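Down below is the structure, laid out as structure tokens.
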Amino acid sequence: MEKRVLSGIRATGRLHLGNYLGAVKGMLALQRDSEYETLYMIADLHTMTTPYDRKTLTSMAREVVMDYLSCGLDPEKSVVFVQSDVADLHAQLAFYLSTVVSVARMRHLPTFKDKVKQYPKHVTMALLNYPLLMAADILIYKASKVPVGIDQEPHLEVAREVARKMNAQYGMDFPEPTRFVTEGEYVPSLMGEGKMSKSVEGSYITLTDDLATIKKRLAVAPTDSGKGDKVPSTGGVANLLALIELFEGRKRRREYEEQYVTDGIQYKDLKDELAGAISRELEPIQKRRKELEADPKYVDQVIREGAEKARLIARKTVAEVREKMGLG
Ligand code: TYM
């Protein structure tokens, strides 16, 4: 059997560089690798675990499908599907998995604690259950590789634990899924603190930003005098250098680091150069995106066929789990 890959992104808006470098680039690498059968999902059920707008949920999921396709996910090679189209199966498996996991384990996850801080008034069962739904997403396809950013590691740890328990207690044959790591596994925020995130205004650049917008966003990124004895390892300057490395390579980063401790960096030049490099990488994606926007029927077809293909695999696993757990 080919090894399987599963990944997903929530339908919370247009993708940003963190999603692209941390997740999509890994998805593309594995799509190219003939050893793997790849399934890429839009996690719209996960979107519902924090406050969301029901009027835009469906259109947001569709936007992510289009972002996926623009980035090069190819429905001829990968199954591209929307999670809620197979909600009956994913949510069903999540319930079965929840029988082998303690409440304490879920409550102590750092990702859960972060969300509780962010949305203290919305600490729902759905939020507590987030990692189990994600484990179900992965295990339902018996996927062994998951291209996601480093922030998702605690969730993968849960998926591995659940797989082990299901295998030991019920004789399932779930692989223990591991993270497929990309160079951009942690893309820092433009604001100098934390990671690039859709929920932090000013922290991100989206895949649809044009050169002028990218420049504007970079312009407010915090810097310093540009010169000193030691190159900062945290904060705004460190983050800009990390982005230079991601878009222009390690060599260019070293040159800037050298400049910092000698003549000094002119941040206007650095930011202009970085904006140009980011924009060059995004241009072909934006071009494909325009073509897709003009072809809604094709996008409908991708979503429909993706759901059918995903369902065929998911149905088998759920039947197997039901049987092994005593549901006949
Ligand atoms: P989401 O929507 O929060 O994040 C989507 C993906 O983008 C990555 N990412 C980053 N990577 C590097 N640097 C950043 N600044 C950055 N910001 C976001 C995330 O690591 C993730 O890979 N729980 C998942 C969605 C999901 C899923 C799944 C993933 C649901 N079911 C099954 C894999 C398998 C999530 O956090 O999405």
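The values are calculated or read from the model by the stated rules, or taken from the named source; none is laboratory data. Only a predicted model underlies this, so the values are computations on that prediction, with no experimental measurement involved. A quick note on method: Cβ atoms are made from the backbone with ideal geometry, for glycine too, and the neighbour counts reach across all protein chains shown.
From the list PRO75, PRO110, exactly one residue is in contact (Cβ under 8 Å) with a residue 24 or more places away in the chain, assigned by TED's automatic domain parsing to the domain that holds PRO147 and more than 25 Å from GLU63 (Cβ to Cβ). Which is it? The unique qualifying residue is PRO110.
This table checks each residue for (1) within 12 Å of the ligand (Cβ to nearest atom); (2) without any contact (Cβ under 8 Å) to a residue 60 or more places away in the chain; (3) closer than 26 Å to LEU218 by Cβ.
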{"site": "SER7", "(1), (2), (3)": "yes, no, no"}
{"site": "ALA23", "(1), (2), (3)": "yes, no, yes"}
{"site": "TYR36", "(1), (2), (3)": "no, no, no"}
{"site": "ALA43", "(1), (2), (3)": "yes, no, no"}
{"site": "LYS55", "(1), (2), (3)": "no, yes, no"}
{"site": "VAL80", "(1), (2), (3)": "no, no, no"}
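The residue of the stretch 192-213 that is surrounded by the most Cβ atoms within 10 Å (Cβ to Cβ), among those that are of a type in the set (A, V, I, L, M) and at pLDDT 95 or above, is MET196. For the criterion of being touching a residue at least 24 places away in the same chain (Cβ under 8 Å), within 19 Å of ILE205 (Cβ to Cβ) and over 22 Å from the mean Cα position of the chain (by Cα), LEU274 passes. Count of the stretch 181-201 residues, restricted to those that are among the β-branched types (Val, Ile, Thr) and under 14 Å from ARG217 (Cα atoms), is 1.
The number of residues in the stretch 67-95 being of a type in the set (Asp, Glu) and buried (at least 20 other Cβ atoms within 10 Å of the Cβ) comes to 2.
Looking at the stretch 44-90 only, could you name the residues that are of a type in the set (S, T, N, Q), assigned to a helix (DSSP H, G or I) and more than 15 Å from ALA314 (Cβ to Cβ)? Residues satisfying the conditions are THR47, THR58, SER59, SER70. Out of GLU258, GLU305, one residue alone is surrounded by fewer than 17 Cβ atoms within 10 Å (Cβ to Cβ), of a type in the set (Asp, Glu) and outside the structural domain of MET172 (by TED's automatic domain parsing). It is GLU258.
Taking the stretch 229-242 as the range and being loosely packed, with under 13 Cβ neighbours inside 10 Å and of a type outside the set (S, T, N, Q) as the test, the residues that pass are ASP229, LYS230. Quick check on VAL64: is it more than 13 Å from the ligand (Cβ to nearest atom), of a type in the set (A, V, I, L, M, F, W, C) and closer than 23 Å to ALA135 by Cβ? Taking the combined requirement at face value, the residue does not satisfy it.
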